[in-house]
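Heads up, the thing below is written out as structure tokens.
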Amino acid sequence: MIIPKSLEELASYVEKGKNVFFFTADWCGDCRFIKPQLPEIEQDFSDWNFIEVDRDKYIDIAANWSIFGIPSFVVIEDGKELGRLVNKNRKTKQEIEDFLKSVTVD
């Protein structure tokens, strides 16, 4: 999991590459529920970079991307959004993997 240290670094992942943005926050119980399963998800989708975006640190980005519920996932390849799983509901590993399979073509 990549954790950007600046807005510029975060923006660089939007512009190029195959990236899955995981919007989260320390206080989010549903985020903490799924976080231990993310290494397995990353392994299953190893040709994608997973970027952890702290919703509180990057609140303007979250608002601009209409991320009003977390945990949420946005898939972007070379600047083009391929899909999003954005809501405030708890997500299971299977739901996330099904979503990623539906938007990623290897």
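The values are calculated or read from the model by the stated rules, or taken from the named source; none is laboratory data. Note that this is a predicted model, so its numbers are computed, not measured. No Cβ is skipped: glycine too gets one built from the backbone with ideal geometry, and neighbour counts run over all protein chains shown. The accessibility values were calculated without ligands, DNA or RNA, using every heavy atom of the protein model including side chains. Shrake-Rupley method; radii C 1.70, N 1.55, O 1.52, S 1.80 Å.
Structure notes:
- For first residues located in segment 43-66 and at positive phi and without any contact (Cβ under 8 Å) to a residue 40 or more places away in the chain, partners that are part of a strand (DSSP E or B) and surrounded by 18 or more Cβ atoms within 10 Å (Cβ to Cβ) and lie 6+ apart or on another chain with Cβ distances below 8 Å do not occur.
- Top-ranked residue in segment 19-75 [being hydroxyl-bearing (Ser, Thr, Tyr) and surrounded by 15 or more Cβ atoms within 10 Å (Cβ to Cβ); ranked as farthest from Leu85 (Cα to Cα)]: Tyr58
- Taking the criterion of being under 13 Å from the mean Cα position of the chain (by Cα), assigned to a strand (DSSP E or B) and farther than 18 Å from Asp26 by Cα, the residues of segment 60-88 that qualify are Val74, Val75, Ile76, Glu77, Glu81, Leu82, Gly83, Arg84, Leu85.
- When residues of segment 90-106 are limited to those that are open to solvent by less than 90 Å² (accessible area, probe 1.4 Å) and assigned to a loop (DSSP other than H, G, I, E, B), the one nearest to Phe68 (Cα to Cα): Lys91
- Here Leu7 passes the criteria (1) open to solvent by less than 20 Å² (accessible area, probe 1.4 Å); (2) more than 20 Å from Lys93 (Cα to Cα); (3) among the aliphatic types (A, V, I, L, M) except the one numbered (1).
- Considering residues of segment 1-32 that are of a type in the set (Ser, Thr, Tyr) and within 12 Å of the chain's Cα centre (by Cα) only, the residue modelled with the lowest pLDDT: Tyr13
- Tallying residues that are touching a strand residue (DSSP E or B) at 6+ places or on another chain (Cβ under 9 Å) and either of a type outside the set (A, V, I, L, M) or touching a residue at least 40 places away in the same chain (Cβ under 8 Å) (or both) within segment 87-106 yields 9.
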